[in-house]
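Just below is one structure, and these are the notes that go with it.
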């Protein structure tokens, strides 16, 4: 049984392997992911970029009619990033405290 729902002018359905969002106005544009939340967030990102609220994501600049947001997010991962050491920006000194016996 194939179920679907409409979300922000896209019909989101599960095709057995992944979720896909097809434009409900007939545009040849599909967003696909194995994660339903990732599909709905991609739709939100698409609309926010079209409204000028945020810069357009890199996956929106392509000419493809099918956007695999799983592959797009993997391409955006920084693999060779070396972590910045955590060093306080101020000197740390011991705090004097008096100890009291508890009866």
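The values are calculated or read from the model by the stated rules, or taken from the named source; none is laboratory data. Because the structure is predicted, anything quoted here is derived from the model rather than measured. Methodologically, a virtual Cβ is constructed for each residue, glycine included, from the backbone with ideal geometry; neighbour enumeration extends over all protein chains shown.
Worth pointing out:
- The set of residues from the stretch 59-79 being more than 20 Å from residue 7 (Cα to Cα) and outside any helix (DSSP H, G or I) comprises 61, 62, 63, 64, 77, 78, 79.
- Failed item, numbered, when residue 45 is tested on (1) part of a helix (DSSP H, G or I); (2) in contact (Cβ under 8 Å) with a residue 24 or more places away in the chain; (3) touching a helix residue (DSSP H, G or I) at 6+ places or on another chain (Cβ under 9 Å): (2)
- Checking each residue in the stretch 4-22 for being part of a strand (DSSP E or B) and either closer than 22 Å to residue 71 by Cβ or under 19 Å from the mean Cα position of the chain (by Cα) (or both) picks out 7, 10, 11, 12, 13, 14, 19, 20, 21, 22.
- Residue list for the stretch 33-42, restricted to those being outside any helix (DSSP H, G or I) and touching a helix residue (DSSP H, G or I) at 6+ places or on another chain (Cβ under 7 Å): 33, 34
- Check on residue 56, part of a loop (DSSP other than H, G, I, E, B), surrounded by 10 or more Cβ atoms within 10 Å (Cβ to Cβ) and modelled with pLDDT of 80 or more: yes
- Among residues that are under 16 Å from residue 4 (Cβ atoms) and modelled with pLDDT under 90, residue 22 is not included.
- Selection within the stretch 24-53 - in contact with a strand residue (DSSP E or B) (Cβ under 8 Å, 6 or more places away or on another chain), loosely packed, with under 15 Cβ neighbours inside 10 Å and farther than 14 Å from residue 72 by Cβ: 24
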